[in-house]
Structures are given as C-alpha cells and as structure tokens.
Amino acid sequence: MINSLNKPISKALFKSVRIAPLIIFRIIFGALLLYGSVRFVAKGWVNTLYIEPNYFFGYYGFEWVKPLPGTWMYLPFILMIFSALCIIIGFKYRWTAAIYFISFTYVELLDKSNYLNHYYFVSLMAFLMIWLPANRQFSVDVFLRPSLRWKRTPAWTINILKFQLAIVYCFAGIAKLNADWLFEALPLKIWLQPHHNIPIVGELLAQPWIAYLFSWFGCFYDLFIVFFLLSRKTRPWAYAVVVIFHLITWLLFPIGIFPWVMIFSTLIFFSANFHQQLLLFFQGVFSRFTQRSFPFNPPVKRFSPLKRKLTTYLVASYVLFQVLIPFRHLLYPGNLFWNEEGFRFSWRVMLMHKEGFATFYVEDKSSGRMSEIDNSKFLTETQEDQMATQPDMILQFAQLLYGKYKGKTVEYNGTSYTFEDPAIRADVFVSLNARPSQLFVSKKHDLTQFRYDLKHRKWVEPLVSP
C-alpha cells in the first residue's frame, strides 16, 4: 500500500514546471534578507541584544549555543549581509544560502527572549532555499557556467515554498479560534486603544466594535487566504487583500519587516506566466550589460529512482513535521496562553497580551534567612519582561541565581554567612489579556528542585478565569 501511495506522490512532486517562480522568489527573498540584516545592524540591536547582556536564555537542547565574545558578535551579521547579497545575484548559491541559514539560526538560538514567529519563518525558508535549484536561471552561477541553466524544475521545489506559507497562514487562523480572540476581541481591544490619537481614523479605532471586526476578519483571512490565492480567478483580489492587510498591521503594530516578508513572499502563488514576464524583463536588462546569450538546456534532467524516492521521503517528513509541531500543545493540560507549553514555533501570531512582575528571593536553608534579588543586576529590561511571564525562562533564571549565590558569603545584620545550598524562590504575578493580575508562581516552591525539561510544569499556578 505504501508503494502504491508513494508512486502518485512522487509523480506529483517531480512534475516538470517552469522554473521562473523559483528564480523570482530567490531574488525577492534575498533582497528581504539583505534589508533585514542591514536594518538589524543599523538599529543597534546587535549591541543591545547580543553584546550587552550578561546572560542568555538558551532553547532546550541548544543551551550549548553561546554568543561570540564582544564585537565578534557582528561577524554572523556580516556573513548574513554578504550571503544575502550572493543569494540575490545567485553567486555560489547553495553555499551562501547555507551560510545565511547557519548564521541567522545561530543568532536566533542564542536567546529565546528575542523569539519572534517571523524569525522562525525566515530560518525555515532559508533552510529550504539551500536545497532548491534557485540559481538555475538569471544568476552569476549560470553566467559563469551556462550548462547549469534550467528552463523547468520539479514541482516540489516551488510547492514546498507555497506549503510553508500556507502553514503560517492556516495555523495562525486555527490559533485564533479561541474565546478571547473571537468573543472578547482580545488582545486587539487593548492594542488598538493607544491609536485613538491618529488623525481621521483614531476615534474609529478606539471603538470596541472595530476590535471585534478586526478579530473576526483576521481569523477568516488567515484561515482562507491561501485557498483564494490558489485559485486563478480570485488570486488578484486575494493578493490585494494580502497587501492591504499587512500594510495595516505594519502601520498599527511594531512587528518589524514581517508584513513585507509576507507581502512579497506571497507572490510565489502567482502563475508561472507572471513570473516568466518578470524574469524576461530582468534578463533583458541584464543582457544589455553583458551582451551574452543563454541558450536553454533540456527542460530538466531526469532523476534516478533512488533520488526520487529519497526526495519524496524527505519532503514528506518535512511536511509532517510542520503539520505536527503546532499541535504539540495538546500534550499539555491547562491554558496554553497561560502556561505557554508548546506555544513557540506554532504560528500563534499576536494572540495574547501578558504582563508580569517577578520577585525572586535567595534563602539560606540552614538559617531560613531570605534576601530579595534585584533582577536587573543579571538581566536586560527586555529579558526581564519576557522572563516574568514564561515558566521555562523563570526556571532558567532560578538556575542562574543558584549558580551565582551557591557558596557566596554575604553580610546580614553585622553577621556574615555563606549560602552553602541556597533555595531560590519567586513570587510571580501575571495578567493575561486584561484579566486581573493573578498568582503565577508561588514563593512556597524552591525552584532549584525542579528540572528544566519539556514536561508539564505543575508548579505553575492554574489560570483563574473571571
């Protein structure tokens, strides 16, 4: 049965299609990567996020990933800028695509307090680009070696990009099917209020019904926009909605270049004819400067049965991984937005507004003496804000404090004593989507007694809904 199923899947994956959409995507996506990398450096974020901090909240299993010392942290960003430029022009494409993916993902793995969905999206797309023949036309590689040129490519090389975009949209829509979003218009009701002073539309944005309209439209948009983009008849109108939707989010919310990434990446859904016209235009401009013609090779080389089978299994594995990962929160009890177990890497875009206040204490177990800790001595403001609402980061911070205070001698009322085996306790209060602040972590727990793992954290107090 597996073999009978594998045959039509493999046939669909290796159907020969025109390569133009993949080439245009390489140029556009490379330009976005270049802009994003230059912008990150220009904004001074390399220094504030990766040089100034004394501690970094590593991801589970990747705690071994450490920052480079001092100004050496600019090196991966220099590599990103260089490799993004090479991706645009198609020079040593596969190597430079790999360099970008490694450099970008390395930076993102350093500190989970900087996690954003679109960073995860960029890492995935950069990873996919390594394996795609996106340099087989209109590239320096082809200019140097005309034999590399392809007119056509296997369908999977384009459809995998459409799939990844569809995953982002569809799971963002599924995530919006919750009571806060649909029936309370939260957190949009909170986020739209500060825009009441915008000329002309400010008073309108302050109206509660606008928050409900945005919430319901956002849910419908994410759930169905991909299907409208896949239809030739509705595609132009759907893309107009894509542009308007992301321009509005860019104007109203501080989400960086994510709207532009989605606007331009979504062009991959347009027909091969559309991309071919763009490519012919670029080639015409390019040929005026080079005076060099590039005859087409045969449509696409034949792939051996072994390579087709291996590619089929790898693509299927990637698809399965992307479909299953966003559902892993179902393995945990409790409110997902409260516990945040299975929250990251699940395309839950702008779905909650959390505010927390965490007070940590170090206790000498032998004497019972307890001292309050100044979190700002160890964390940046951004790290402190993120840590105060995320259980795994609270536990990591407790482990940091344990290491800092174990064996440390302090003065207390004129008497010195040493923390031989200190307990780390915390009072943490959190507000979720405008609910009254509630106890999140109780001081009764010694956080050093809990392991940092992927199991359900029973020491987090349950959400008490009003």
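The values are calculated or read from the model by the stated rules, or taken from the named source; none is laboratory data. Please read all numbers here as calculations on a predicted model, not as lab measurements. Glycine gets a Cβ as well: all are built from the backbone with ideal geometry, and neighbour counts include every protein chain shown. For the accessible areas, the whole protein counts, side chains as well, though only heavy atoms, and no ligand, DNA or RNA atoms are used. Shrake-Rupley method; radii C 1.70, N 1.55, O 1.52, S 1.80 Å.
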Out of I102, I2, I9, I88, sole residue that is more than 18 Å from the chain's Cα centre (by Cα) and modelled with pLDDT of 95 or more
I88
Close pairs from the stretch 145-157: first touching a residue at least 24 places away in the same chain (Cβ under 8 Å) and within 21 Å of K15 (Cβ to Cβ), partner open to solvent by less than 10 Å² (accessible area, probe 1.4 Å) and among the acidic types (D, E), Cβ under 7 Å, at least 6 apart
none
Taking first residues from the stretch 326-338 that are under 22 Å from G173 (Cβ atoms) and second residues anywhere that are open to solvent by less than 70 Å² (accessible area, probe 1.4 Å) and polar (S, T, N, Q), the pairs with Cβ under 7 Å that are 6 or more apart or on different chains are P326/S346; H329/S346; Y332/N339
Looking at the structure I just gave you, is Y50 farther than 30 Å from D141 by Cβ and open to solvent by less than 70 Å² (accessible area, probe 1.4 Å)?
yes
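Results for (1) closer than 20 Å to M262 by Cβ; (2) surrounded by 14 or more Cβ atoms within 10 Å (Cβ to Cβ), shown as yes or no for each residue.
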position: P208; (1), (2): no, no
position: A211; (1), (2): no, yes
position: F214; (1), (2): yes, yes
position: F220; (1), (2): yes, no
position: I225; (1), (2): yes, yes
position: L229; (1), (2): yes, yes
position: R232; (1), (2): no, no
Hand me the list of strands (runs of 3 or more DSSP E) wholly inside the stretch 375-462 holding 3 or more residues that are of a type outside the set (A, V, I, L, M, F, W, C) and in contact with a helix residue (DSSP H, G or I) (Cβ under 8 Å, 6 or more places away or on another chain).
none
List the residue pairs whose Cβ atoms are under 6 Å apart, where the first residue sits in the stretch 109-133 and is of a type in the set (D, E, K, R), the second is surrounded by fewer than 18 Cβ atoms within 10 Å (Cβ to Cβ), and the two are 6 or more positions apart or on different chains.
K112/Y59
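Yes/no matrix, rows are residues, columns are (1) among the hydroxyl-bearing types (S, T, Y); (2) open to solvent by less than 30 Å² (accessible area, probe 1.4 Å); (3) in contact with a Ser or Thr (Cβ under 7 Å, 6 or more places away or on another chain):
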{"residue": "M352", "(1), (2), (3)": "no, no, no"}
{"residue": "A358", "(1), (2), (3)": "no, yes, no"}
{"residue": "K365", "(1), (2), (3)": "no, no, no"}
{"residue": "N375", "(1), (2), (3)": "no, yes, no"}
{"residue": "T389", "(1), (2), (3)": "yes, yes, no"}
{"residue": "D392", "(1), (2), (3)": "no, yes, no"}
{"residue": "L395", "(1), (2), (3)": "no, yes, no"}
{"residue": "K404", "(1), (2), (3)": "no, no, no"}
All-but-one check, W181 against (1) more than 24 Å from F343 (Cα to Cα); (2) in a helix (DSSP H, G or I), failing number (1)
Kindly indicate which of L204, L177, L182 is closer than 26 Å to S431 by Cβ and surrounded by fewer than 14 Cβ atoms within 10 Å (Cβ to Cβ).
L177
Can you find a residue that is within 19 Å of N335 (Cβ to Cβ) and in contact (Cβ under 8 Å) with a residue 12 or more places away in the chain anywhere in the stretch 404-420?
no
Let me spell it out: the conditions are (1) exposed (fewer than 13 other Cβ atoms within 10 Å of the Cβ); (2) assigned to a helix (DSSP H, G or I); (3) in contact (Cβ under 8 Å) with a residue 60 or more places away in the chain, and K11 meets all of them except one. Which number is the exception?
(3)
Say whether the condition of being over 20 Å from K112 (Cα atoms) and of a type outside the set (V, I, T) is met by at least one residue in the stretch 375-397.
no
Before we move on, is L192 of a type outside the set (G, A, S), part of a helix (DSSP H, G or I), open to solvent by less than 70 Å² (accessible area, probe 1.4 Å) and closer than 24 Å to G36 by Cβ?
no
Quick check: anything in the stretch 159-175 in contact with a Lys or Arg (Cβ under 7 Å, 6 or more places away or on another chain) and over 29 Å from G44 (Cα atoms)?
yes
